[in-house]
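> Dropping the structure in here first, questions after.
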Amino acid sequence: MDRRSRNFTETLLSVENISLSFGGVKALTDISFDIRKGEIRAIIGPNGAGKSSMLNCINGFYHPQQGAITYKGVRRPQMRPHEAAEQGIARTFQNIALFRGMSTLDNIMTGRNLRMKTGLFWQALRVGRAEREEIEHRKVAERIIDFLEIQHVRKVPVGQLPYGLQKRVELGRALAAEPELLLLDEPMAGMNLEEKQDMCRFVLDVNDEFGTTICLIEHDMGVVMDISDRVVVLDYGKKIGDGPPDQVKNSQAVIDAYLGVSH
């Protein structure tokens, strides 16, 4: 089935009139949009538009002064990051946030922490139930390593890996949490063309094979138009566009924002 022929009707998360300020600086002003279950939803806009601030509100790093976010039918004015993770929201970051001295496998295993039931004491001893649990979680991590085609670096400290592979490991760590909603903050930033093509393929495969709903920030308009089902456009903290890629890219307000006319 062609991706663009798919219909997404069930709302997984809705952003309702969110406003966020830091002192006298308005980062977001009265932003509303939704993310539907199963889709790839893009947030785009020029530098300083408020894109990362919006993701930080969704997963609880920032708490907006106005508005609320409804996730899986529950309306919440605030959520802590650990609560978001427990409820199925995973996140990657604009700047890679991995444990550089740990191997690829160990970094991905950290994404399983919320699903581990045994305490730290028994995990340290690695006996009985704790050992059986670690084996099961390691199987999940190994499947993700195979899926992302990083078997050859599974034991390599991530600090020694090229940038593109580090971004792939970070995606793997997020996938290890088995999220319902995956937030990707510029997953292809700083990549060369081949690395971008690989990451695009993995994002599409995560969506298609795992059924994971994805919300991503990306500056490469070609990437956004190719892989997104719907796009919301921010400029100076305000929403100036929202809809299918073809509709958004032909919007005069969006064109002006990217060309600098409205600035």
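The values are calculated or read from the model by the stated rules, or taken from the named source; none is laboratory data. None of the values given here were measured: they were computed from a predicted structure. When we count neighbours, we look across all protein chains shown, and the Cβ atoms used for this are built from the backbone with ideal geometry, even at glycine. Only protein heavy atoms, including side chains, enter the accessible area calculation; ligands, DNA and RNA are left aside. Shrake-Rupley method; radii C 1.70, N 1.55, O 1.52, S 1.80 Å.
> I want to check the label-to-label distance for R80 and Q252. Put each point 7 Å from Cα in the C-beta direction and report it in nm to one decimal.
5.0 nm
> Could I ask something else about it? Rg to Rh for region 169-263: what is it, with Cα atoms only and Rh by Kirkwood?
Details: Rg = 14.4 Å, Rh = 14.5 Å.
Computed over Cα atoms, the ratio is 0.99.
> Relative to the longest principal axis of the chain, what angle (0 to 90°, nearest 10) does the C-alpha long axis of helix 193-210 take?
For 193-210 against the chain, the angle is about 80 degrees.
> Right, something else. Rank-order 85-93, 29-37 by packing density, defined as the average count of other C-beta atoms within 10 Å over each peptide's residues, highest first. Don't skip to the answer; put the middle values down first.
Values: 85-93: 19.8, 29-37: 18.0.
Packing proxy ranking, top to bottom: 85-93, 29-37.
> Residues with amide H under 5 Å of Y62's amide H, sequence separation 5 or more or different chain, H placed in the peptide plane at 1.01 Å from N; which?
C57
> If you take every residue apart from R76 with its C-beta less than 14 Å away from the C-beta of R76, what net charge results, scoring Lys and Arg +1 and Asp and Glu -1?
The answer is 0.
> Then there is this: Can you list residues from other chains, or at least 5 along the same chain, whose modelled amide H is less than 5 Å from the amide H of T11?
Close amide H contacts, sequence-distant or interchain: K37.
> While we're here: With the chain treated as a Gaussian network of Cα nodes joined by springs under 10 Å, which of R138, R168, R41 yields the largest mean-square fluctuation?
Sorting by GNM fluctuation, first place goes to R138.
> Pairs of Cα atoms under 8 Å, at least six residues apart: use those to get the relative contact order of the chain, whole percent.
This gives 27 percent for the chain.
> Using alpha carbons only, how many degrees (0 to 90, rounded to 10) separate the axis of helix 163-176 from the longest principal axis of the chain?
80 degrees
> How much accessible area per residue does the chain have, counting only protein heavy atoms and a probe of 1.4 Å, in square angstrom?
Solvent-accessible surface per residue comes out at 48 Å².
> What ranking do 179-185, 235-241 get when scored by the average of other Cβ atoms within 10 Å per residue, highest first?
The peptides rank, most packed first, as 179-185, 235-241.
> While we're here: Expressed as a whole percentage, what fraction of the accessible surface of region 16-93 belongs to carbon and sulfur atoms when a 1.4 Å probe is rolled over the protein heavy atoms?
The nonpolar share, carbon plus sulfur, comes to 48 percent.
> N95 to D30: extension gain in nm, 0.36 nm per residue of separation minus the Cα-Cα distance? Could the numbers behind the result be given before it?
Values: separation 65, 0.36 × 65 = 23.40 nm, distance 2.71 nm.
Gain in length upon complete extension: 20.7 nm.
> Just want to confirm a number: the relative contact order over region 173-251, from Cα pairs under 8 angstrom separated by 6+ residues, in percent.
On the way: 75 pairs, mean separation 19.9, N = 79.
Relative CO of region 173-251 lands at 25 percent.
> Among DSSP bridges having both ends in the chain, what percentage is antiparallel? Round to the nearest 5.
Taking every DSSP beta bridge within the chain, about 60 percent pair in antiparallel fashion.
> For Q151 paired with E136, estimate the spin-label separation in nm (one decimal), with each label point 7 Å from Cα along the Cα-to-Cβ line.
2.6 nm
> State the dimensionless ratio Rg/Rh of the chain (Rg: radius of gyration of Cα atoms; Rh: Kirkwood radius).
When Rh is taken as the Kirkwood radius, the ratio is 0.98.
> With all distinct Cα pairs included, what does the Kirkwood hydrodynamic radius of region 1-67 come out to in Å, to one decimal, could you say?
13.2 Å
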